[in-house]
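K.L.:
Here it is, the structure in full.
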Amino acid sequence: MNNPVVLFPGQGSQCANMGRDLAEADSSAMDLWKKAEQISGQPLREIYWGGSDDDMNDTKVLQPALLCVQLNFWRKLADKVTPAATLGHSLGEFAALAAARVLSFEDVLKVVSLRGRLMAEADPHGTGSMAAIVKLTPEKVTEIVEQVRAETNDLLVLANFNSPKQIVLSGTKKAIDLACQAAKNNKGRGMVLKVSAAFHSPMMAEANAEFVTIFKKVDWHDAICPVYGNVDGLPETSAAKILAKMEKQMVSSVFFQKAATEQYAAGFRDWLEVGPKALLIKLVFASIPSQDGCTSSEVTDYTTLQDYVQKQN
């Protein structure tokens, strides 16, 4: 049995035809797509196996669809892989909870479908946006945020601390555009993300309040391995304590870099990323003090899934 830290990426890792090859080869995987469509009330396969980029970026369909892909991959891996710990980025944290058996597959699909709908409704006119700022120090990015807020009085927050030189901002489209220009002026780079609102910001407060009242009612279980939380970057196995963290996840910053460094300090040296695009391993390796003795693997489609399973036999 292999014991890696299992990583699950969030929004931004979606792509056309994601999960299709596995679903067409395995009826149980196709059944989970049908279940996800039933729960979410959305034509997920129609959108991701033949729709437009704009449709695929809509958070109310993206969240249950991406989760479905990750759950299908994980179901095929679970008999071969015992996770040493799990860590998901934003939406991916819900797949991490399922992999650690904190929530059942059906319950996590239910809460994520609700989460996607509420987050979409929180910004129906698309006034919010997000951008990744790279090649600048956290101190410089913080300075840019403070300058833009002073100039515009618009919402702009530090949403994701992904690595020493990648921080994601969340706010109004105007503030995001100004921050990206300021990053360029300071020899950095700002990349607007394919998301439909200002996630992990106060713009999500009302959606989060409604979400929390619902997901507290599903069955939460102690984790079979440490789950590293987005809101603090620290490990936890207690169901009650994980729930308390998740109550703040939608409006809190994501401390991914801290989670990666905490895992390294705890002695973890092997990571497995599960999702349609591998985005997180690069952030882990950019965050830890040394890659010596470290290994990583990616499961992004049916071929890489088969290859990884074969290696575990």
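K.L.:
Of everything in the range 36-55 that's modelled with pLDDT of 95 or more and hydroxyl-bearing (Ser, Thr, Tyr), which residue is nearest to ASN313 (Cα to Cα)?
P.N.:
Taking the range 36-55 as the starting set, the residues that turn out to be modelled with pLDDT of 95 or more are 36-49.
Add one more test, that the residue is hydroxyl-bearing (Ser, Thr, Tyr), and what stays is 40, 48.
Values: SER40: 36, TYR48: 32 Å.
Once the filter is applied, the top-ranked residue is TYR48.
K.L.:
With a cut-off of at least 1 residues that are surrounded by fewer than 19 Cβ atoms within 10 Å (Cβ to Cβ), name the helices (runs of 4 or more DSSP H) lying wholly within the range 70-182. Don't jump to the end; show me each part of the working.
P.N.:
Numbers: elements: 92-99, 105-121, 138-152.
The qualifying helices (runs of 4 or more DSSP H) are 105-121, 138-152.
K.L.:
Do we have any residue at all in the range 217-237 that's buried (at least 16 other Cβ atoms within 10 Å of the Cβ), on the phi > 0 side of the Ramachandran plot and not polar (S, T, N, Q)?
P.N.:
Checked against the condition, which is being buried (at least 16 other Cβ atoms within 10 Å of the Cβ), on the phi > 0 side of the Ramachandran plot and not polar (S, T, N, Q), the range 217-237 yields at least one hit.
K.L.:
Given the criterion free of Cβ contacts under 8 Å to residues at least 12 places away in the same chain, assigned by TED's automatic domain parsing to the domain that holds ALA100 and more than 19 Å from the chain's Cα centre (by Cα), identify the matching residue among LYS34, LYS76, LYS80. It would help to see each step written out before you state the result.
P.N.:
Working: LYS76 fails: free of Cβ contacts under 8 Å to residues at least 12 places away in the same chain; LYS80 fails: free of Cβ contacts under 8 Å to residues at least 12 places away in the same chain.
On inspection, the qualifying residue turns out to be LYS34.
K.L.:
Select from the range 199-233 the residues that are free of Cβ contacts under 8 Å to residues at least 40 places away in the same chain and under 16 Å from the mean Cα position of the chain (by Cα) and write down the one among them that is nearest to LEU118 (Cα to Cα).
P.N.:
Initially, the range 199-233 is screened for residues free of Cβ contacts under 8 Å to residues at least 40 places away in the same chain, giving 209, 212-213, 216-217, 231-233.
In the following step, the residues that additionally are under 16 Å from the mean Cα position of the chain (by Cα) were identified as 231-233.
On the way: VAL231: 20, ASP232: 24, GLY233: 25 Å.
Looking at residues that are free of Cβ contacts under 8 Å to residues at least 40 places away in the same chain and under 16 Å from the mean Cα position of the chain (by Cα), I get VAL231.
K.L.:
Can you work out which of the residues in the range 56-96 that are among the charged types (D, E, K, R) and within 23 Å of PHE211 (Cβ to Cβ) is modelled with the highest pLDDT? Please lay out each step first, then the result.
P.N.:
First pass over the range 56-96, keeping only residues among the charged types (D, E, K, R): 58, 60, 75-76, 79-80, 93.
Then keep just the ones that are within 23 Å of PHE211 (Cβ to Cβ); that gives 58, 60, 93.
Working: ASP58: 89, LYS60: 94, GLU93: 98.
Once the filter is applied, the top-ranked residue is GLU93.
K.L.:
In the range 254-264, is there at least one residue being surrounded by fewer than 16 Cβ atoms within 10 Å (Cβ to Cβ), over 18 Å from the mean Cα position of the chain (by Cα) and without any contact (Cβ under 8 Å) to a residue 40 or more places away in the chain?
P.N.:
Step one: filter the range 254-264 for residues surrounded by fewer than 16 Cβ atoms within 10 Å (Cβ to Cβ), giving none.
No - not one qualifying residue is present in the range 254-264.
K.L.:
Same structure, new question: For the range 183-211, give me each residue that is touching a Lys or Arg at 6+ places or on another chain (Cβ under 8 Å) and in a loop (DSSP other than H, G, I, E, B).
P.N.:
ASN186, LYS187, GLY188
K.L.:
Might you let me know whether the range 268-277 holds any residue that is surrounded by fewer than 23 Cβ atoms within 10 Å (Cβ to Cβ), under 21 Å from ASP232 (Cβ atoms), free of Cβ contacts under 8 Å to residues at least 24 places away in the same chain and not assigned by TED's automatic domain parsing to the domain that holds VAL134?
P.N.:
Within the range 268-277 (the criterion being surrounded by fewer than 23 Cβ atoms within 10 Å (Cβ to Cβ), under 21 Å from ASP232 (Cβ atoms), free of Cβ contacts under 8 Å to residues at least 24 places away in the same chain and not assigned by TED's automatic domain parsing to the domain that holds VAL134), the answer is no, since none of the residues qualifies.
The values are calculated or read from the model by the stated rules, or taken from the named source; none is laboratory data. Keep in mind it's a predicted model, so treat the numbers as computed, not measured. Cβ coordinates were reconstructed from backbone atoms using ideal geometry, including for glycine residues, and neighbour counts include every protein chain displayed.
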